[in-house]
Amino acid sequence: MYLRDLGIAKPRLRIRDWAREAVLSVLRYPGRSLMTAVGTVLGAAAFVATLGISSTMSWQVSDSFDTRRATEVRIVPDGPAAGTGWFAERNLMRLRGLNGVAAAGRRIVLPELPISRGIDDRPTRSKVIGADPGALAVMAPQLVIGRLPDAYHEEHHSRVILLARSIAEQLRIFQVGMAVFVDGRPFTVIGIYDDVQRRPEALLSAIVPATVGDQLLPPDQEADRDVIVGTLPGAAQLIADQAPLSLRPEAPSQLRAIAPPDPRTLRREVEGSVARSSLILSVIALAVGAASIANAATASVSARTPEIGLRRAIGGRRIHIFAQLLGETTALGVLGGTVGVLLGTVVTAVVSMINRWTPVLDLRTALVAVGITSAVGLVAGLWPALKATRIQPVAALQR
Amino acid sequence: MLALSGVGRTYTEGAPVIALRDVTLVIDQGEYVAVTGPSGSGKSTLLNILGLLDLPSAGTYRVAGVETGALGDRVRVALRGQLFGFVFQAFHLLPGRSAAENVELGMLYGPWSPSERRARAHAALNRMGLGKRTGADPRRLSGGERQRVAIARAIAGGPRVLFCDEPTGNLDSENTENVLDLLAGLNAEGLTVVIVSHDAEVAGRARRQLVVRDGTVTET
């Protein structure tokens, strides 16, 4: 009634002005603001980085443990006592009969041997793998040209060879039917492959029949022998348990089966432990952030008594002072959250880069982080804001 | 314009202290009034009550005919913010904001739009001879310039009364003279000026002088 009579408007603080005042107050001392918000920076960074790394690792786990890798079992001798008898074809037949085995075969991985296109050409050195048709079915080389060795080649010790594309290019061999010399012995190239579905070490090797591999082994050297098994999905652990007994019933403990960990369990473990760490770290950092903001804001209320008194003197109501202080602490939360999200993103990217992972970042995580730090700033500002409303305008005149 | 009737103010925090006793006073529109007195005499208390920064313990205070004792906080704040302007000895300018932004701050809670505030701030700074320093940070201004920015802040919203608490207390004689000239000029344009000072020379520039001693106000 009186205001209208006197031609005076109601005191007000527009939202735009409120936001501007909050931002200006935070930016007035950017360094101090950032130090005040350091807790929320760390909280948001921990939140984003741990969730980012967790997502990246989960992706990596699911990427690495794909169907092919998860259905592969490798059996190797567990010490010299195993001998080579377990490697016999009759044992492999028993293994292939197990329920859940899709393919199985033996390999002999020879030391690096010289391979050349002509007998007098300068050779390139490469690993040579002797693999029977069963092992080839497990490895599943992707042929660019030609065919795989078959049972005939295996039984007749045929000197045929498959070349990885990288080796074929070094030898300048681009078609089948050409001869190469392995350790001085002639072989006919029957295929060139550029990928394998299992055992990626074959990508830098040449493959010969397993029986020929035995012949190529220098008399004074040992070779790594193994049996590789391709299983049906979900059967890898079972086959790993049964394979040593199938291959060497009289002494299964002399063989060791290597199976991939269950990807679902591993993934759950990774996600679970990282998520727990993330939660604990984030909560601690955000609690520190809230305390830091509340402490700094409370201290600043005392330091800014003249300013607050001035604002009251020039027409600011208690609610305006309350809103402004809350706006400032919330802006600090937003600032801390934003810087923290950037920091967390960089950490995630660097960790991924070091581990050669593909970083997986979710925009929602960043938004949630900024939302949480804003809420932390808001809550942290309640007490200082309430304290500020008790400052009388006379305070402006007294200092 | 401003009318005190039997106003008293007693501070009751701790031992009771009587700061003002039975003050009856009328200040008309357009007056230039100086309030002087020794330290602790009650002159700042009188200014606080006149400026609606404090409430009297006794008596009545009318502003433009309106009895202020029964007003709620919102109306008192509105009266204070739009009828009155304040100039302080310590300037109370916010560092990190330009002179123009500091002047605009004085109108923050009023009815003006941001563009109106900007225009009024520049006009007020021009009026104070600071048209070329509108973007300057107060920390880079001299004491005299800071006080002129503070005066610009106080007058930019077009108040009817300007309250000045020791406005020249931190200034040298040359700047004191400049500020007093500006205040006299504003008064000549119709603005009521109430200035509190312990400096007789400053008080001497006013057309009316009040002396506060032991909480009692007398005219000279």
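Tabulated data for the structure shown
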read-out: Residue satisfying condition, being surrounded by 13 or more Cβ atoms within 10 Å (Cβ to Cβ) and more than 14 Å from chain A (Cβ to nearest Cβ), within set B:35, B:7; value: B:7
read-out: Options B:74, B:62; residue that is modelled with pLDDT of 90 or more and surrounded by fewer than 19 Cβ atoms within 10 Å (Cβ to Cβ); value: B:62
read-out: Tally, over segment B:169-198, of residues that are touching a residue at least 40 places away in the same chain (Cβ under 8 Å) and not hydrophobic (A, V, I, L, M, F, W, C); value: 7
read-out: Filtered residues of segment B:55-96 (kept if assigned to a loop (DSSP other than H, G, I, E, B), at the interface with chain A (Cβ under 8 Å from one of its Cβ atoms) and within 15 Å of residue B:3 (Cα to Cα)); value: B:64
read-out: Residue check, residue A:394 modelled with pLDDT of 90 or more, of a type outside the set (D, E, K, R) and assigned by TED's automatic domain parsing to the domain that holds residue A:55; value: no
read-out: Among residues of segment A:225-248, those that are free of Cβ contacts under 8 Å to residues at least 60 places away in the same chain and within 27 Å of residue A:211 (Cβ to Cβ), counted; value: 1
read-out: Boolean, residue B:40 is part of a loop (DSSP other than H, G, I, E, B), at pLDDT below 95, over 24 Å from residue A:18 (Cβ atoms) and touching a strand residue (DSSP E or B) at 6+ places or on another chain (Cβ under 8 Å); value: no
read-out: Segment A:315-333 residues that are within 10 Å of residue A:389 (Cα to Cα), paired with ones that are basic (Lys, Arg) and surrounded by fewer than 23 Cβ atoms within 10 Å (Cβ to Cβ) (beta carbon under 9 Å, 6 or more apart); value: A:317/A:12; A:317/B:74; A:318/A:390; A:320/A:12; A:325/A:387
read-out: Looking only at segment A:12-52, and only at residues there that are charged (D, E, K, R) and part of a loop (DSSP other than H, G, I, E, B), the one that is farthest from residue B:77 (Cα to Cα); value: A:14
read-out: Output for segment A:281-328, where each listed residue is more than 10 Å from every other protein chain (Cβ to nearest Cβ) and in contact with a Pro (Cβ under 7 Å, 6 or more places away or on another chain); value: A:294, A:297, A:298, A:301, A:325
read-out: Answer residue from segment B:99-132, given it is assigned to a loop (DSSP other than H, G, I, E, B) and surrounded by fewer than 18 Cβ atoms within 10 Å (Cβ to Cβ) and is nearest to the other protein chains (Cβ to nearest Cβ) among those; value: B:111
read-out: In segment A:23-50, residue surrounded by the most Cβ atoms within 10 Å (Cβ to Cβ) [restricted to those that are within 40 Å of the chain's Cα centre (by Cα) and within 13 Å of chain B (Cβ to nearest Cβ)]; value: A:26
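Here is a yes/no grid of residues against (1) within 20 Å of the chain's Cα centre (by Cα); (2) charged (D, E, K, R):
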residue	(1), (2)
B:88	yes, no
B:94	yes, no
B:99	yes, no
B:103	yes, no
B:108	yes, no
B:114	no, no
B:118	no, yes
B:128	yes, no
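The values are calculated or read from the model by the stated rules, or taken from the named source; none is laboratory data. Just so you know, these numbers come straight off a predicted model, no measurement behind them. Cβ: placed from backbone, ideal geometry, glycine included. Neighbour counts: every protein chain shown.
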